[in-house]
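For reference, the structure is listed below as structure tokens.
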Amino acid sequence: MVAAALDAMAGTRWGRWLGLVTAVWVQCISGNNYTFSNYSDALKTLMGLTQLQLNGLSVAKDVGKAFGLLAGLASDRVPTWLLLAIGSLEGLLGYGAQWMVVSGTVAPLPYWQMCVFLCLGGNSTTWMNTAVLVTCIRNFRRSRGPVSGLLKGYVGLSTAVFTDICSALFADNPASFLVMLAVVPAAVCALAMVFLREGPAGGAAGATADEAEDGRCFAAINSLAVAIALYLLAADLTGVGGGGGVVSGVFVAVLLVLIASPGAVPALLAWKSWMKARKAANADLEEAESLDAAAAPLLVAAKAAGMSEEDKARAPGERPRLGEEHTIAEALTSLDFWLMFASFLMGVGTGLAVMNNLGQMGVAMGYDDVSLFVSMTSIWGFFGRIASGTISEHFIRTRAIPRPLWNAASQVLMAVGYIVMALAMPGSLFIGSVVVGACYGVRLAVTVPTASELFGLKYYGLIYNILILNLPLGSFLFSGLLAGLLYDAEATAVPGGGNTCVGAHCYRLVFLIMAVACVVGVGLDVLLCVRTKRVYAKIHESKRASRSAAAQRVS
């Protein structure tokens, strides 16, 4: 009976927004996979690892994402709550084992066992991300860009949230940090299991009449997210949040209030819904009938505008066109899918190499503490994610500009960022971490809705996780092999095992090769833009017709 009530709630407009807000909270804690630099030095020292071996652990963490295919397969077969439960359990085991090693609770485990536990931790986020992305994009089909940017934006903030809270409460203690990574996601997922559910297609979230108010709701939650990012940025630059004491406690309390504040949006919508229901109950039958009559032309116009997402009939054996529903086999035999896959690899693969090696990059360039750079990468990754989702949606609606164009632009900037870091000028690591973080965020936020627009939503969970294979593949190629081998070639051995390297030469060739990879990615993205112009022209026309129908109703 409780389950039926919750499913009924998910079919209401405010219930879908409540689900989106709980998804936002899940994303706030699901970026733990990007925090490896915060405790990698502790693992390297305890286990006496070379840089290549340490990078092998980071690759194992990212290989966990390869098993996200299981989450993709399960997303069309099991409920959202079960996906979240599996992810939170894996995270509890994976990060819990790492905490036991770093805290000294157990002796350092064999290398292969540590690889297994890091893989578990990495895989945990694929279940969480699949659950929230698939459910929310299906619940908000006509707002895929803003939904993707919002959810991926909060993932970008999660690294800074974890890092700054740990710095404020536990003085950057790596063992305490790992406790947070294990316990907090499990607690948040438990809440989301109750409220995040898929509503019926074509419900309140997809109605043309509600699009204007949906836009205001997205703007409100985006504004709150920007406030969180600016708050974290100010704390990082001033050092207010660190050092413990009363000030640090106040910093954490305010941060938690800001994170909880999006809950005001579904609360306000629920109150409006309740007030509307009261008025409707007091209205006479004639008024209700007149409202129905007024709504009828809107429904007809909406259908004419392309609201229906059903595919046109095709001859037997005919391939679907871009923008129509694809099976997995049809998507995997499409040139456009592999263009997207390869360009995604160039962007996220090189970005992961920086994130996984920030600790050692900081040491090589003379920094004792790299937590600022980790936090900057996270915060600017947020700005890249949340801005690109909204901006790309705006230009589709107004000018029919293909979404992949923004990926091309981000790769140009990313190449510039790598060249700046290769020059090793004063402040270059700071500038590079900002640029790489922002551009990495753009790649994730833009590619997620693009895949659904080109290949449909029916098998979106699996298609998304096939694209995410780029994370372990990119980590292996650019972080595990490229950065690990070239660093070790420049490093010197230290007593007790392991090695170290100090100086700009340690990563210069790595940065230059990654800049070239980004240039290749630009070419692939431009080609994809050309091939998808027809799809985005059609989406543009559909949105324009939808707005015209709404305007006719108002007039």
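Rounded to the nearest 20 debye, the dipole magnitude of the chain is 1080 debye, with +1 charges on Lys and Arg beta carbons, -1 on Asp and Glu beta carbons, and the Cα centre as origin.
Extension gain for the segment V257 to A107, taken as residue separation times 0.36 nm less the Cα-Cα distance, is 50.1 nm to one decimal. Think of it this way: in the chain, C28, C115, C119, C136, C166, C189, C217, C439, C518, C529 stand alone, with no other Cys Cβ under 4.7 Å. Between L46 and V246, the modelled label-to-label distance comes to 3.6 nm, taking each label 7 Å out from Cα in the direction of the beta carbon.
Just to be sure I follow: if Rg is taken over the C-alpha atoms of the range 41-115 and Rh is the Kirkwood radius over the same atoms, what is Rg/Rh? My calculation puts Rg/Rh at 1.07. Can you tell me the length gained on complete extension of the stretch V519 to T327, counting 0.36 nm per residue apart and subtracting the Cα distance? Separation in residues times 0.36 nm, less the Cα-Cα distance, equals 66.0 nm. A full extension of the chain between T398 and I419 corresponds to an added length of 4.1 nm, given 0.36 nm per residue minus the alpha carbon distance.
In the chain, taking the dipole from charged Cβ atoms about the Cα centre, the farthest positive-side position among V134, A168, V179 is held by V134.
Taking GluC sites (Glu not before Pro) as exposed when their DSSP state is a loop state and no more than 14 other Cβ atoms lie within 10 Å, the longest site-free interval of the chain runs over 1-309. Carbon-plus-sulfur accessible fraction, the chain (probe radius 1.4 Å, protein heavy atoms only): 70%. Database remark: amide H of N499 closer than 5 angstrom to the amide H of Q51, V494 (H placed geometrically; neighbours at sequence offset of 5 or more, or on other chains; Pro and chain starts carry no H).
Here the label points at R534 and L89, each 7 Å from Cα along the C-beta direction, are separated by 4.7 nm in the simple model. In this simple spin-label model, placing a label point 7 Å from the Cα along the Cα-to-Cβ direction at both V226 and R278 gives a separation of 3.4 nm. Across all C-alpha atoms in the chain, the radius of gyration and Dmax reach 23.8, 88 Å.
Where only protein heavy atoms count, and the probe is 1.4 Å, what is the accessible area per residue for the chain in Å²?
Working: 21750 Å² over 555 residues.
Per residue, the chain has an accessible area of 39 Å².
How long are the three semi-axes of the equivalent ellipsoid for the range 24-179, computed from the Cα gyration tensor as the root of 5 times each eigenvalue, in whole Å, largest first?
Working: eigenvalues 169, 62, 32 Å².
Its equivalent ellipsoid spans semi-axes of 29, 18, 13 Å.
The candidates M346, M376, arranged from most to least accessible area with a 1.4 Å probe in the full protein assembly, appear as M346, M376. Cross-link check: pairs K65/K533; K44/K152; K272/K543; K61/K152; K272/K458 evaluated at a Cα-Cα cut-off of 23 Å; pairs beyond the cut-off: K65/K533; K44/K152; K272/K543; K272/K458.
The values are calculated or read from the model by the stated rules, or taken from the named source; none is laboratory data. This structure is a prediction, so every number in the text was calculated from the model and none was measured. Methodologically, a virtual Cβ is constructed for each residue, glycine included, from the backbone with ideal geometry; neighbour enumeration extends over all protein chains shown. Surface areas here come from the heavy atoms of the whole protein model, side chains and all, with no ligands, DNA or RNA. Shrake-Rupley method; radii C 1.70, N 1.55, O 1.52, S 1.80 Å.
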